[in-house]
Amino acid sequence: MNLLSKPLPVLLLCCLILAVFWLAPQAQAELIINEVMGDPFQDWDGDGTFNYRGDEWIEVLNEGPVAEDMSFYWLRDSYGDDFHLQLHGIILPGEVAVYYGSEAVAWQQLHGYSTLGFSINNGGDTLELVKSIPDPGGSVLVVVDTVTILDHEAEDDRSSGWDPDTNSWTLNDALNPYTGGFDPQGTSCQPSPGRANDCVPLVAAENTTWGDLKSHYR
């Protein structure tokens, strides 16, 4: 079919249909921030050394039906325009990817930024997942997800995770139980970087009696 031989309305309609089909895979991608560790107290990134900045982490989940190239995505907090990390890798549908503060520090060093890592504020913070969308004028930045972490969530080794069953955020406090009155309340679940947010409570690895336990300390 020679589009140029058609009347202008038909030509515009054909262009619109082609644009819809071209944009459809991009529009289907649905990425969210899935879990956040704002105040680590152990070596979460597995480099053999604990570092309060390097062991922070943010997990991203692909809820959409198509794989997503993460190099078009960035993480930052809402208190400035500077990005903390350009993401990387491919996330398949239903998969998660974890990004550590140590990666953010390395990326910031490489690009001449202040080495703040994710700089998640322990008194509470708002994080943004931003996508760069190609545009004839260069690119357009779109905030695709925003998460606010409260003071009691950003405490030693507590993580905040998205629960798709309740459409709400939960507090994974098995390593540092929360007994206060603010929401989200503690769940006794463990933080789960790199794994779906299926609650795993912290339980004893082996059964024993109180008498056996006391005998170890005589």
| query | Once you put a point 7 Å from the Cα of Asp163 and another 7 Å from the Cα of Ala106, both along the Cβ direction, what distance in nm separates them? | reply | 3.5
| query | Is any residue of segment 50-68 close enough, with backbone N under 19 Å, to a label point placed 7 angstrom from the Cα of Ile90 along the Cα-Cβ axis, and if so, which? | reply | 60-68
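Please compute the net charge surrounding Leu175, taking Lys and Arg as +1 and Asp and Glu as -1 over other residues with Cβ under 12 Å from its Cβ. Mind dumping the intermediate values first?
Details: positive: Arg158; negative: Asp39, Glu155, Asp156, Asp157, Asp173.
Overall, the nearby charge balance is -4.
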| request: Using R₀ = 30 Å, calculate the FRET efficiency as 1/(1 + (r/R₀)^6) where r is the Cβ-Cβ separation of Ser78 and Asp47; round to 0.05. | output: 0.60
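So between Thr146 and Asn121, what do we pick up on full extension, going 0.36 nm a residue minus the alpha carbon distance? Each step should come with its number before you reach the end.
Working: separation 25, 0.36 × 25 = 9.00 nm, distance 1.52 nm.
So the extension gain works out to 7.5 nm.
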| Packing-based exposure ordering (other Cβ within 10 Å, fewest first) of Phe50, Phe83 | Phe50, Phe83
| What spacing in nm lies between the two simple spin-label points modelled at Thr187 and Glu30, each 7 Å away from Cα in the Cβ direction? | 1.9
| task | Can you check what the net charge comes to around Ser78, using other residues whose Cβ is under 9 Å from the Cβ of Ser78 (Lys, Arg +1; Asp, Glu -1)? | result | -2
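Could you line up Arg158, Arg195 from fewest to most neighbouring Cβ atoms inside 10 Å?
Numbers: Arg158 25, Arg195 13.
With the sparsest Cβ surroundings first, the list reads Arg195, Arg158.
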| query | Shape call for segment 27-158 from the C-alpha gyration tensor, a ≥ b ≥ c root eigenvalues: rounded (a/c under 1.5), prolate (a/b greater than b/c) or oblate? | reply | prolate
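What's the exposure ranking of Ile149, Ile32, going from fewest to most Cβ atoms within 10 Å? Write down the numbers at each step before the final one.
Numbers: Ile149 25, Ile32 18.
Ranked by crowding around the Cβ, least crowded first: Ile32, Ile149.
Every number here is computed from the coordinates shown, using simple stated rules; none is lab data. Given the structure is predicted, the values throughout are model-derived calculations rather than measurements. Note that we place each Cβ from the backbone using ideal geometry, even for glycine, and neighbour counts take in every protein chain shown.
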